[in-house]
1. Of (1) of a type in the set (Ser, Thr, Tyr); (2) within 30 Å of Ile163 (Cβ to Cβ); (3) assigned to a loop (DSSP other than H, G, I, E, B), Thr35 satisfies all except one. Which?
2. Determine if region 77-86 includes at least one residue that is under 29 Å from Asn158 (Cα atoms), among the polar types (S, T, N, Q) and part of a helix (DSSP H, G or I).
3. Just the residues that are within 12 Å of Glu151 (Cβ to Cβ) and hydrophobic (A, V, I, L, M, F, W, C), please, taken from region 164-196.
4. Could you list, in sequence order, the residues of region 124-179 that are of a type in the set (Ser, Thr, Tyr), under 18 Å from Ile217 (Cβ atoms) and either modelled with pLDDT of 85 or more or part of a loop (DSSP other than H, G, I, E, B) (or both)?
5. Would you tally the residues in region 49-71 being surrounded by fewer than 16 Cβ atoms within 10 Å (Cβ to Cβ) and outside any loop (DSSP other than H, G, I, E, B)?
6. Which is modelled with pLDDT of 75 or more, part of a loop (DSSP other than H, G, I, E, B) and within 30 Å of Ile184 (Cα to Cα), of Lys215, Lys225?
7. Would you pick out the residues in region 168-203 that are surrounded by 14 or more Cβ atoms within 10 Å (Cβ to Cβ), without any contact (Cβ under 8 Å) to a residue 40 or more places away in the chain and among the charged types (D, E, K, R)?
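The values are calculated or read from the model by the stated rules, or taken from the named source; none is laboratory data. None of the values given here were measured: they were computed from a predicted structure. Backbone-built Cβ (ideal geometry, glycine too); neighbour counts: all protein chains shown.
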Amino acid sequence: MEGWVKLHRKALNNPIVNKDADHMYLWIYLLLNATHKKYDVLFKGERITLQPGQLLTGRKSISSFTKISEGKIQRILKFFENEQQIEQQTSNKNRLISIVSWDMYQQSEQQNEQQVNNKWTTSEQQVNTNKNVRSKECKNVKNDDVSASAEIFNFYNNNFGLITNFEAESIGTFLDDGVEVALIIKAMQIAIENKVRNWGYVKKILQNKLDAGVKTIEQFNQFEKEREFKKEKKTLKFNKVDQLNNFDQRHYDEEDLEQYYS
């Protein structure tokens, strides 16, 4: 197959295709092998017309080219399908794969960049908020949500390792609850300072703060200031009691007592 395809830089911020090296490799393989123009093929014994963004392939041929095991190819393709990145139909010989957002990835340079961002919002929102939300229901999501998610994902990828779908969804849940981006990143920084680089630890920090009504970095700073004040006050109280308990009392001998009571 000749020609070239476009690979958008925002693919690096998509936790679905960027889950690990094999996921990214297979995603690029699909993009490079999808047709860019209509032509007829035989599928399930019938003649069909392949549309741009579709390809007729199979696990064996993909595995032979990519050197990824057939079992993992099956799991990745199913994962892409569940996350609405592709649609696929299978037969006993091959499978028909359709890249859902082909137009978004391969649109012309003249199209508005805002349209790209809106469509990426749709794709990322499926991971960051609710798996059951369909593309048509996400069109009005603000582009700020995309940049916010991307900022968190980039920080996570750079400091904790490649983010998983589970972690991306968990982050989306905190964002839905109104937790500020800066606070999520602050929680990750605390985890790094304590040498605990896993999402479970970060999630516990965020949940504890959320339970206390803390959602913004400003509220967090105020909460920590008050907590430190209470801690210092408690320490002063204990120190005062300790000083009283350790007061050096005078010891009286018999001569002193006789003088005192005489």
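1. Failed condition: (2).
2. Yes, region 77-86 has at least one match.
3. Ile171, Leu175, Val181, Ala182, Ile184, Ile185, Met188 - these are the residues of region 164-196 that are within 12 Å of Glu151 (Cβ to Cβ) and hydrophobic (A, V, I, L, M, F, W, C).
4. Tyr156
5. 8
6. Only one candidate passes the filter, namely Lys215.
7. Glu180, Lys186, Arg197, Lys203
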